[in-house]
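The values are calculated or read from the model by the stated rules, or taken from the named source; none is laboratory data. Note that the coordinates shown come from a computational prediction; the quantities given were computed from them, not determined experimentally. Neighbour counts are summed over all protein chains in view; Cβ atoms, including those assigned to glycine, are modelled from backbone coordinates with ideal geometry.
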Amino acid sequence: MKYRNLLAFATASIIATAAPLASFAQDIVLGQSAALTGPAQELGKEMQLGAKVYFDAINAAGGIRGKKIVLKTLDDGYEPPRAEANTKQFVDDGEVLALFGYVGTPTSAASIPVATKAKVPFFGAFTGAELLRNPPNRYVFNVRASYFDETEAIVRQMTQGGITKIAVFYQNDSYGQAGLAGVERALTRRNLQVAAKATVERNSTDVAAALATMLAAKPEVVIMISAYSSCAEFIKQAKAKQLVAQFVNVSFVGTRALAKALGPAADGVMISQVMPPPTANKFPIIAEYQKAMKAAGAADLSYTSLEGYIAAKVLVEALRRGGDASREALVKALESLRVDLGGFTAAFAADNHNASKFVEMTVLNKNGEVRY
């Protein structure tokens, strides 16, 4: 019996070496790299939580044709080299069907080449950067709207009220550059230019130089393309220095985390959203999400955990349609997938790996509550 087991193991090892992961007969393993520590950790934890709540519910109901979904998450601290190393580990281990729910533009940018070379689907990243969308990549699938979609909505709303002096505070990396490019694109369409630009380093709250630039420029609007810790610090200091401007963030900031970090300074701060409101019971998908979160003992609802939940639900629909068989089967199942979740519609095609263009504007009150 021992000999048979050894022979089976050796044979399986040879097959795995010759043709890695041709099919998946056991658990459906997904690899996720996200910030679980550091200044952006709330984003990673919430994205992981929402996804895990949904996957656990599917597993409790029998899984996908008896297969359990296993989400393996590695911490990258929102740093690209760590995300790249995590991705290489997932690929080299040879057990993941797909990479799921990565958090951030710079971390995704470092990881996608590794995934693409190994032909591993890269699904549902928490970023709206154009580098995940153009040029098209056979293995990259986006659930959320892009930063181009978000910044167009922001600039449209601001300029419709007659505002022309719009500045950009952005993270000094590929995420910040992606958002800046979106703002410039939207302003150019209206024959306008960015009134002032100021940067902050990733995982830093040193905003002194950026604030000095904005105080000198006196913009009417500051569009913010950074994580919640640096955005909160900038807004609090700007308000203390009497900078009279409308502060507007893109969705990646993490609404719940930003509101918590701002405290009373949250009043009047705007955020573009790419998911329906997690507290709006009028949508079937939200009622389902709330029920699942409550059952899991997760009391705090957020846009980010909702995004993780919805991304997981969309992926499961593809798995149910045969996407669990192999990586290529998953790609094909996703490319033919259109699903109405009741308040959020996701639709892919062979020539379109971007499921949604949903964007709406929200504003925080002094208690950190969202008005939409």
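Points to keep in mind about this one:
- Residue that is nearest to the chain's Cα centre (by Cα), among those in region 83-117 that are without any contact (Cβ under 8 Å) to a residue 60 or more places away in the chain and crowded, with 24+ Cβ neighbours inside 10 Å: 108
- Boolean, residue 303 is assigned by TED's automatic domain parsing to the domain that holds residue 101, touching a Phe, Trp or Tyr at 6+ places or on another chain (Cβ under 7 Å) and not charged (D, E, K, R): no
- Flag if residue 183 is crowded, with 21+ Cβ neighbours inside 10 Å, among the aliphatic types (A, V, I, L, M) and either closer than 30 Å to residue 50 by Cα or not assigned by TED's automatic domain parsing to the domain that holds residue 245 (or both): yes
- Single residue of 238, 312, 259, 232 found to be in contact (Cβ under 8 Å) with a residue 24 or more places away in the chain and either within 29 Å of residue 69 (Cβ to Cβ) or among the aromatic types (Phe, Trp, Tyr) (or both): 312
- For residue 214, the test of being outside the structural domain of residue 126 (by TED's automatic domain parsing) and either under 21 Å from residue 34 (Cβ atoms) or in a strand (DSSP E or B) (or both) is failed.
- Matching residues, region 170-180, being crowded, with 17+ Cβ neighbours inside 10 Å and part of a loop (DSSP other than H, G, I, E, B): 173
- Checking residue 242 against (1) assigned to a loop (DSSP other than H, G, I, E, B); (2) polar (S, T, N, Q); (3) within 19 Å of residue 45 (Cβ to Cβ), the condition it does not meet: (3)
- Failed item in (1) in the same structural domain as residue 333 (by TED's automatic domain parsing); (2) farther than 30 Å from residue 345 by Cβ; (3) touching a helix residue (DSSP H, G or I) at 6+ places or on another chain (Cβ under 7 Å), with residue 173 passing the rest: (1)
- The single condition among (1) outside the structural domain of residue 224 (by TED's automatic domain parsing); (2) farther than 19 Å from residue 115 by Cβ that residue 132 does not meet is (2).
- Residue count, region 311-330 (criterion: part of a helix (DSSP H, G or I), of a type in the set (A, V, I, L, M) and out of contact with any strand residue (DSSP E or B) (no Cβ under 8 Å at 6 or more places or on another chain)): 2
- Residue check, residue 270 among the aliphatic types (A, V, I, L, M), surrounded by 22 or more Cβ atoms within 10 Å (Cβ to Cβ) and either at positive phi or in contact with a helix residue (DSSP H, G or I) (Cβ under 9 Å, 6 or more places away or on another chain) (or both): no
- So residue 358, is it surrounded by fewer than 21 Cβ atoms within 10 Å (Cβ to Cβ) and aromatic (Phe, Trp, Tyr): yes
So that you can scan it fast, the table gives a plain yes or no per residue for (1) surrounded by 14 or more Cβ atoms within 10 Å (Cβ to Cβ); (2) not hydrophobic (A, V, I, L, M, F, W, C):
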residue: 298; (1), (2): yes, no
residue: 305; (1), (2): yes, yes
residue: 309; (1), (2): yes, yes
residue: 313; (1), (2): yes, yes
residue: 318; (1), (2): yes, no
residue: 349; (1), (2): no, no
residue: 362; (1), (2): yes, yes
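- Leading residue by the ranking (nearest to residue 230 (Cα to Cα)) among those in region 137-193 that are acidic (Asp, Glu) and within 17 Å of the chain's Cα centre (by Cα): 173
- Filtering region 180-206 to residues that are of a type in the set (S, T, N, Q) and more than 21 Å from residue 245 (Cβ to Cβ) leaves 188, 191, 203, 204.
- The residues of region 41-59 that are of a type in the set (Val, Ile, Thr) and either at positive phi or buried (at least 21 other Cβ atoms within 10 Å of the Cβ) (or both) amount to a single one, 53.
- Members of region 313-369 found to be under 16 Å from residue 138 (Cα atoms) and either at pLDDT below 95 or β-branched (Val, Ile, Thr) (or both), listed by number: 331
- Of all the criteria given as (1) surrounded by 23 or more Cβ atoms within 10 Å (Cβ to Cβ); (2) touching a strand residue (DSSP E or B) at 6+ places or on another chain (Cβ under 6 Å), the one not satisfied by residue 245 is (1).
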